Amino acid sequence: MTQITINSTDSKKILPQNALQNVSCGKFFEQFLDSQKISPTKSNGLSPEAVVTYRSETTDILNHCNPHDATQAQETTHLVVGYVQSGKTMSFTGLTALALDNGYRIIIYLAGTKNNLLEQTSKRLKKDLIGNRAKNNNFYKIHPNPTTNEIEEIVGHLESSDKPIILIPILKHYNHINQLIHILNSTEYKAVMRNETVIIIDDEADQASLNNYGRKNSKEERSKEEEERSSTYDAILRLRASLPGNTYIQYTATPQANILISMQDLLSPKSHTVLTPGEGYIGGKLFFGKGPNHDLFKGGLIIQIPEGEVFHKKRNPLERMPKSLKDALMFHILAVAIVVKWQAPEDITYLSMMVHPDNEKKWNKKFKEWIDNELKNWRKALKMADGCDEKVYLLEDFKKIFPKAVEFYAPEDRPTFEQIKPFIADVIHDRKVYLVNTDKDAQTDIEWDNYKMHILVGAEMLNRGFTVEKLATTYMPRYTTSATNADTIQQRCRFFGYKKDYIRSCRVFLPGSTIENYHAYVDHEEELRAMLKSCDTLDAVERSILLSPSLRPTRRNVLPVWVVNDKLKGMFALQAFASRYTIEHNDKIVDEFLKKHANDFTIRPDTTKDRTHRWLKLDVDEAIEFLSDFNFKNWPDAQRKANTIRYLRYLSAEENESPIKYVYFYQMAFAASPRHRSFDMEKCRLATNTDLFAGPSSVTDSTNYPGDRKIVGSEDTITIQLHHIEFDGAALDFPRTAYTLAIYYPKQLATNYCTNIGNDIDDSDEDY
């Protein structure tokens with residue numbers, strides 16, 4: 001772990017009904033913090049600034065938990081959002097210590113779906129909470145995957161006068177959860193825990209936990225008793241039902257599914273905390289995104305795999321080792337030689353490489369075979385006498401790659417190839433190649449400190465939750481044939497993490513289509529985090545997620561049918577005619593706006609008053625204010641307005657590389673009478689087949705008017721059109737005229753919002 005410096009935040013949170021009001025940071029939490037701090041003998045860890053923020057965020061999470069003795073309280077669900085590989089485990093480990101300080105007796109950890117993740121979590125809890133402090137064995141008792149045979153042991157620890165906290169990491173699988181439920185329902189357990197609540201921590205809470213029948217159930221409008229439930233989801237609900245007043249904490253870097261599932265679902269979160277990564281964290285913004293840090297490498301850490309070398313078991317199965325994989329191996333060997341052998345920092349004694357070709361085991365074995373054979377051949381060649389052709393050619397290949405391997409080092413820190421060459425053979429000698437899958441002969445227990453170079457080949461077991469220590473090189477040649485789930489591609493980013501000290505030697509090899517998806521995902525992730533940070537509670541969060549057209553938010557089966565895509569692309573006409581109140585309110589808003597800017601408009605002349613418009617550049621903050629005040633009653637347009645406001649806030653944020661400063665505002669046909677349009681009084685909208693926009697001039701018309709749809713400011717920002725309409729067909733007691741808007745989203749800013757609209761839309765007279 002590299003040095004972590006986190007900027008402290010001062011956000012206020014609205015606590016749930018049964019929240020703790022006075023969380024105490026006692027000796028166990030302080031002891032844990034001390035073990036993570038920078039000190040004279042420990043250069044890597046939490047800086048003083050980081051400690052402040054870490055304390056605040058951990059306390060915030062526990063503040064949203066039911067108190068340890070609140071068994072009569074309603075169970076609650078809290079969402080904790082971090083970045084991939086950013087320190088979520090450290091967050092819930094510290095939360096464990098804080099829970100001990102505040103009287104909690106049991107924490108259950110749903111520690112992933114694979115044994116390697118369970119082992120990783122169990123080891124981390126033991127290392128960080130007990131470590132070499134023997135006395136702490138009295139206060140932390142760890143029972144991984146307990147069976148009914150361990151009831152007496154668990155109850156014995158609960159009855160101990162030391163009042164230890166019992167830590168139960170279990171696999172996120174219904175069989176193991178059912179075993180635990182048997183323990184919790186035992187007479188012995190209930191006798192000692194009858195007045196105590198339990199905290200359940202679900203690591204990677206968007207995976208496996210949610211109901212795979214969510215969409216099917218919503219389609220058929222079943223009652224709770226009739227709903228189908230996937231096995232693990234059902235087991236989690238029964239686990240919670242056995243624990244009065246429990247708090248269920250969802251940890252994830254990919255909360256798309258958790259946010260978009262039915263809000264009536266028992267696993268739908270009601271509150272949230274956004275974790276702040278440390279300054280040493282390297283994530284999507286640097287690898288793929290925009291902003292000042294991206295300029296450090298200008299995208300050069302990403303290397304595109306040629307189309308012909310992108311692996312697909314049917315389209316392109318690859319009969320031999322691709323050149324790009326050989327290049328990646330050479331990059332990695334040079335990285336180890338430069339960082340571990342030449343620079344030789346005390347705390348970086350090895351570097352790792354991850355190869356992720358396909359889900360099927362046989363293909364992973366094939367890639368491992370290629371790597372093993374290539375390294376054996378290279379080792380053999382380097383043992384030959386100087387001047388032998390094989391050795392000369394191999395070293396020449398390394399030399400060709402070397403300039404790219406050191407291009408991001410400052411001149412004064414950049415070694416020569418002659419300085420690095422002697423280390424190449426040493427690195428190849430001191431290596432280990434692992435096949436990481438569920439086979440019995442596969443290796444999941446990595447001896448990190450025993451080799452200078454690690455190469456891990458696998459798929460699903462290297463995806464979600466698994467930490468590849470000191471990962472420098474990633475080779476992921478997977479072929480993308482259709483829209484990809486945003487949460488899936490995020491979870492494959494094992495190459496993110498705390499690697500500031502060796503980032504100049506990191507490289508990621510990806511297909512072109514995958515690179516494009518990652519560029520899109522960065523905007524998606526940052527906008528989502530910004531939205532969550534801006535809201536005190538999830539009740540205030542619009543369940544909408546910014547989404548590139550090339551991405552889906554998550555797997556379709558867990559989402560209800562009322563989750564829809566709102567496309568922000570091209571020109572859209574909105575209708576603000578739902579009620580007299582809406583129209584009168586908007587009249588007032590527009591009149592005030594036009595009076596304020598009476599002298600700010602520039603006229604765009606044309607041949608007739610009906611085709612003569614005026615425009616101004618409107619500051620983006622004022623555009624947001626205007627849109628916020630302008631009312632719509634119908635849901636689609638109200639949601640489009642809300643999503644446009646969110647998008648404008650994101651596009652104008654200072655952390656963007658080129659934040660937009662203004663939008664174009666057009667008052668259409670400003671000097672003419674309101675345009676006549678047929679009106680459907682029953683639906684309070686323009687009649688079917690009635691277009692808000694005036695069309696282009698005919699071919700015989702020399703004016704060449706392009707039509708209203710083409711009246712836009714530029715392709716660099718959004719355009720808002722203000723239209724004034726007179727109704728043909730409205731009732732006598734209904735307003736005769738009304739204002740409405742059209743919004744243009746240029747191609748380069750086009751995006752989608754995926755929105756959970758809820759299974760019933762408010763039909764009251766209240767405007768959105």
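Descriptive notes on the structure:
- Note on the stretch 631-641: among residues that are modelled with pLDDT of 90 or more and in contact with a helix residue (DSSP H, G or I) (Cβ under 9 Å, 6 or more places away or on another chain), the one that is farthest from A576 (Cα to Cα) is K641.
- When the stretch 401-419 is filtered for residues that are over 15 Å from W378 (Cβ atoms) and surrounded by 12 or more Cβ atoms within 10 Å (Cβ to Cβ), the ones remaining, listed by number, are F402, K404, A405, V406, F408, Y409, R414, P415, F417, Q419.
- Condition met for F367 (aromatic (F, W, Y), in contact with a helix residue (DSSP H, G or I) (Cβ under 6 Å, 6 or more places away or on another chain) and touching a residue at least 12 places away in the same chain (Cβ under 8 Å)): no
- Whichever residue in the stretch 428-484 is basic (K, R) and at pLDDT 90 or above and, among such residues, is surrounded by the fewest Cβ atoms within 10 Å (Cβ to Cβ): K432
So that you can scan it fast, the table gives a plain yes or no per residue for (1) over 30 Å from K135 (Cβ atoms); (2) among the basic types (K, R); (3) at pLDDT below 95:
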{"residue": "L167", "(1), (2), (3)": "no, no, no"}
{"residue": "M193", "(1), (2), (3)": "no, no, no"}
{"residue": "T197", "(1), (2), (3)": "no, no, no"}
{"residue": "E204", "(1), (2), (3)": "yes, no, yes"}
{"residue": "N211", "(1), (2), (3)": "yes, no, no"}
{"residue": "R215", "(1), (2), (3)": "yes, yes, yes"}
{"residue": "A253", "(1), (2), (3)": "yes, no, yes"}
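- Counting only residues that are among the small types (G, A, S) and not in a loop (DSSP other than H, G, I, E, B), the stretch 556-592 holds 2 of them.
- Within the set I305, I333, I371, I338, the sole residue that is crowded, with 20+ Cβ neighbours inside 10 Å, under 24 Å from M453 (Cα atoms) and in contact with a Phe, Trp or Tyr (Cβ under 6 Å, 6 or more places away or on another chain) turns out to be I305.
Condition check ((1) outside any helix (DSSP H, G or I); (2) farther than 30 Å from K298 by Cα) across all residues:
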site	(1), (2)
T349	yes, no
M353	yes, no
D372	no, yes
K391	no, yes
L395	no, no
F408	yes, no
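- Selection from the stretch 695-714 of residues that are closer than 30 Å to D619 by Cα and either at pLDDT 95 or above or out of contact with any helix residue (DSSP H, G or I) (no Cβ under 7 Å at 6 or more places or on another chain) (or both): G695, P696, P706, G707, D708, R709, K710, I711, V712, G713, S714
- Qualifying positions in the stretch 312-347 - free of Cβ contacts under 8 Å to residues at least 40 places away in the same chain, in a loop (DSSP other than H, G, I, E, B) and within 16 Å of I420 (Cα to Cα): A344
- Of all residues in the stretch 138-153 being of a type outside the set (K, R) and in contact with a Leu (Cβ under 8 Å, 6 or more places away or on another chain), the one that is nearest to K172 (Cα to Cα): N145
- Listing of strands (runs of 3 or more DSSP E) fully contained in the stretch 675-757 that carry 3 or more residues being more than 30 Å from A486 (Cβ to Cβ): 675-680, 719-728, 737-745
- Taken over the stretch 593-602, the criterion of being within 23 Å of E715 (Cβ to Cβ) and either at pLDDT below 95 or assigned to a loop (DSSP other than H, G, I, E, B) (or both) is satisfied by D600, F601.
Here is a yes/no grid of residues against (1) of a type in the set (K, R); (2) part of a helix (DSSP H, G or I):
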residue	(1), (2)
H157	no, yes
K163	yes, no
I177	no, yes
E196	no, no
Q207	no, no
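- Test result for S160, farther than 30 Å from G45 by Cβ, touching a strand residue (DSSP E or B) at 6+ places or on another chain (Cβ under 9 Å) and modelled with pLDDT under 95: yes
- In the stretch 536-566, the residue that is surrounded by the fewest Cβ atoms within 10 Å (Cβ to Cβ) out of those that are over 25 Å from Y745 (Cα atoms) and at pLDDT below 85 is A540.
- The set of residues from the stretch 53-102 being closer than 27 Å to T488 by Cα and in contact with a His (Cβ under 6 Å, 6 or more places away or on another chain) comprises H78, L79.
The values are calculated or read from the model by the stated rules, or taken from the named source; none is laboratory data. Predicted model only: the values in this text are computed from it and were never measured. Counting neighbours? That spans all protein chains shown, and the Cβs are built from the backbone with ideal geometry, glycine included.
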